[in-house]
Amino acid sequence: MIKKGNEITLDITGFAFEGKGIAKVARYEGDEKNYVIFVSGSYPGDRVKARLHKVKKSFAEARALEVLSPSFLRTEPECVYFGTCGGCKHQDLQYETQLKFKEDQVRETFEHIAGQTDFDFEPILPSENIFRYRNKMEFSFSDKKWLTREEFDSDEELKKPLFAVGLHIPRIYDKVLDLEYCKLQSETGDRVLNFTRKFFLNKNIPAWSTKTHEGFLRNLVIKNAGRTKDFMVNLVTSSFEAPLMAEYSENLIKECPGVTTIVNSINSGKAQVARGEFEEVLFGEGYIYDWIGDYKFRISAGSFFQTNTLQAERLYNTALEFAGLKAEETVYDLYSGAGTITIYMSGLADKLYGFESVNSAVEDAKENARINEITNTKFYEANLDKSFLPLIKETGIDLPDVIIADPPRSGMNPKTVSDILKLLPDRIVYVSCNPSTQARDIKLLCEEKYKLVKTRPVDMFPHTWHIENVALLKRI
């Protein structure tokens, strides 16, 4: 019976966005098999035992409890934490198949949401590295350690403190899986993780409690450059304890000599976010440098930077190719962040203007332009959830020939779409980490003055269902 909580056997025949298998069943005897069940933890070709956790009129959702007959697409995961940790959803799926599924999902998303079929779909760009590719990892401290079945059955493990530093269990906000390594980060990052755990456990320093809002240790953020040897450790705590932090810093650089700077961010609020009201630099300059192409970028503890440095260059090259810039043209970069795309394109256009809502990111962008001795870019703080046309009128800057947009996962605000339609640039290059919201926005643009010319997915995050996609629109 298709009823919440029931366990049923399903044959998986398709794959859906967000990495869920698709099964189609008959809801009653004599009915055709057209009722869709989305099954997390399954792949096409699997036969699984699954438990239903959501049942709607037109579809249901379930979780695979047991793989009764595995698909030939499966492979052995390399990480012992796979299946418990929520970081890698598809480490047990062949990488070539991951790429095909991502490609198919982008194409289907544009067909179903944007209603677009008449455009060039360029093949997905795979990631050069499928492990150890992340230049940033954000770990959480917790006073509630998630116990694996082996730990739960061990009397010795139950006697140990329930102190953990690692990643949150999916759908469980207050428990953390204690990790000794992560296959997505560098090996130096693994050493920093284990040293940090040992240091604070030995001193009996408490982890932050999301229930009582007490404790000292909140987050461990590790950043390493992809093209330099720079390495940052940012410890987020609820207060600043100078002697303790000095001792931690001194011992960390002895244990992990690859670390080039250490920062202590102070977050005294209740919200469990990996940033603070202020920062104390414990060692080094307080920031690191990395390169994308020929351009150098300064990365501070709070800066946003693409988390896969090597693949970011391929992403930006795709956007640059799609833009087809001419020397006399003016470019607007919406959601410009630390100015990476603006600066990357600066050598091929006349004037470039970046618009970003976060003030610190705008300042980072200005600094990055200075570092690279670039003089044809300007960056403005602008709330893109509101109209930015008054700012353009106020500053008197040139109108754009090309607009680059790289919004957050939620996509562009309707007011931003409206502003673009009023500015009417010749070309729009839309970079997105969420093809669904990208397709939604492109549908609005194509209903008015634009035509979708081509798209290309870029795999920035192997072993996850996340995918970047670049789209080119031209004015009709």
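Accessible surface for C433 stands near 40 Å², nearest 10, in the context of the full protein assembly shown (1.4 Å probe). What a 1.4 Å probe finds exposed on the stretch 182-292 is 49% carbon and sulfur by accessible area, rounded to a whole percent. Any chance you could check the Cα centroid distance between the stretch 182-196 and the stretch 11-44 for me, in angstrom? First find each Cα centre; the distance between them is then 38 Å.
I'd like the distance separating the alpha-carbon centroids of the stretch 201-223 and the stretch 46-113, in whole Å. First find each Cα centre; the distance between them is then 33 Å. Both numbers refer to the Cα atoms of the chain; Rg and Dmax are 24.2, 74 Å.
Select from the chain the helices, each a whole stretch of DSSP H, whose alpha-carbon atoms run 15 Å or more along the helix axis and whose Kyte-Doolittle mean is at least 1.0; answer none if there are none.
Values: long enough: 95-112 (25 Å, -1.62); 187-202 (23 Å, -0.53); 242-255 (20 Å, -0.29); 309-323 (21 Å, -0.11); 359-371 (18 Å, -0.97); 435-446 (16 Å, -0.18).
Helices passing the filter in the chain: none found.
For the chain, the solvent-accessible area of protein heavy atoms averages 47 Å² per residue (probe radius 1.4 Å; ligands and nucleic acids excluded).
Here K415 sits with roughly 110 square angstrom of accessible surface, probe radius 1.4 Å.
Within the accessible area of the stretch 51-114, the carbon and sulfur atoms contribute 50%, probe 1.4 Å, all protein chains present. In the chain, helices alone account for a calculated mean residue ellipticity at 222 nm of -7500 deg cm²/dmol, with every DSSP H run of four or more residues adding -39,500 (n - 2.57). Relative to the current alpha-carbon distance between S58 and K24, full extension at 0.36 nm per residue lengthens the span by 11.1 nm. The modelled label-to-label distance for the pair K474/T375, using points 7 Å beyond Cα in the direction of Cβ, is 3.5 nm. The spread of Cα positions in the stretch 1-146, taken along each principal axis and listed from longest to shortest, comes to 53, 51, 29 Å. As a rough guide to protection, the peptides 107-114, 277-284 ranked by mean Cβ packing within 10 Å, highest first, stand as 107-114, 277-284.
Kirkwood analysis of the stretch 388-473, using all unique Cα-Cα pairs, places the hydrodynamic radius at 13.7 Å. Quick check: net charge around S142, other residues with Cβ under 11 Å of its Cβ, Lys/Arg +1 and Asp/Glu -1? In short, +2. Ordered from largest to smallest accessible area (heavy atoms of protein chains, 1.4 Å probe), the residues I130, I476 come out as I476, I130. The alpha-carbon of K474 sits under 26 angstrom from the alpha-carbons of these lysines, leaving out residues fewer than 8 places away in its chain: K102, K326, K351, K378, K386, K393, K415, K422, K443, K449, K451, K454.
The values are calculated or read from the model by the stated rules, or taken from the named source; none is laboratory data. Here the structure is a predicted model, which means the values were calculated and not measured. Because the Cβ atoms are built from the backbone with ideal geometry, glycine has one as well, and the counts that use them run over all protein chains shown. To get the accessible areas, we keep the full protein, side chains included, count just its heavy atoms, and leave off ligands, DNA and RNA. Shrake-Rupley method; radii C 1.70, N 1.55, O 1.52, S 1.80 Å.
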